[in-house]
Amino acid sequence: WASDEQLRRLVNILEKKYGSEIREISKKYYACPKDIKAITIVESLTNEDAESNHGAVGLMGVKRETGKDMGFDDIIHPINNLRAGTKYYKMLLKKFKDRYLAFAAYNLGPGELENRLSKGFNPESIDYIWKIRRVRQLVM
């Protein structure tokens, strides 16, 4: 996926460009800035124009419908994307009461995570959690 050197470079890019905004937004929504930075790097590799096959866009890979649910119409704008993604992550953290379950729900969607958990799914087994943990270790 990415080497530690590549990830460190992305961490530095993200910190220089959006570090203060991420800290401010994280404070507003009572989220850990390291979590937000890790999600951002895993979702977009810091590419503001990222778009997934599932319609998630921007730095934090927010779907347009999710952005609207969080109160943001313009999630293409990087700061609004960070706000919407952070607010959504915090909502998931509050719902699941576990950082790694919240990460899994961010990736899969809360309904899909609940469906998988009811069938004995271990969220630690998904690649997304492994990537988040790896990036969190490198984040400032």
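Summary of packing: across the peptides 84-91, 35-42, the per-residue average of other C-beta atoms within 10 Å ranks them, highest first, as 35-42, 84-91. Where only DSSP H runs of four or more residues are counted, the chain gives -21500 deg cm²/dmol as its mean residue ellipticity at 222 nm, each run worth -39500 (n - 2.57).
Based on alpha-carbon positions alone, could you give the equivalent ellipsoid semi-axes of the range 89-140 from the gyration tensor, as √(5λ), descending, whole Å?
19, 13, 8
Carbon-plus-sulfur accessible fraction, the range 17-66 (probe radius 1.4 Å, protein heavy atoms only): 45%.
How high is the relative contact order of the range 3-140, in percent, with contacts defined as C-alpha pairs under 8 Å that are six or more residues apart?
24 percent
For residue 24, the accessible area of its heavy atoms, probed at 1.4 Å with every protein chain present, is near 120 square angstrom.
For a quick protection proxy, order the peptides 56-63, 130-137, 93-100 by their average other-Cβ count within 10 Å, most packed first. Don't skip to the answer; put the middle values down first.
Values: 56-63: 24.1, 130-137: 17.5, 93-100: 14.9.
Output ranking for 56-63, 130-137, 93-100: 56-63, 130-137, 93-100.
Once the chain from residue 17 to residue 47 is taken as fully extended at 0.36 nm per residue, the excess over their C-alpha distance is 9.6 nm.
Taking a straight line from the alpha carbon of residue 131, these lysines sit under 23 Å away, with near neighbours fewer than eight places off in the same chain left out: 16, 17, 34, 37, 63, 87, 90, 94, 95, 97. Once the convex hull of all Cα atoms in the range 12-133 is built, its volume per residue stands at 95 Å³. Rg over Rh for the range 1-50 works out to 0.97, using Cα positions for both radii and the Kirkwood form for Rh.
The values are calculated or read from the model by the stated rules, or taken from the named source; none is laboratory data. From a predicted model like this one, the values you see are computed outputs, not experimental measurements. Cβ atoms come from the backbone with ideal geometry, glycine included; neighbour counts cover every protein chain shown. When the accessible area is computed, the model is the full protein with side chains, heavy atoms only, and any ligands, DNA or RNA have been set aside. Shrake-Rupley method; radii C 1.70, N 1.55, O 1.52, S 1.80 Å.
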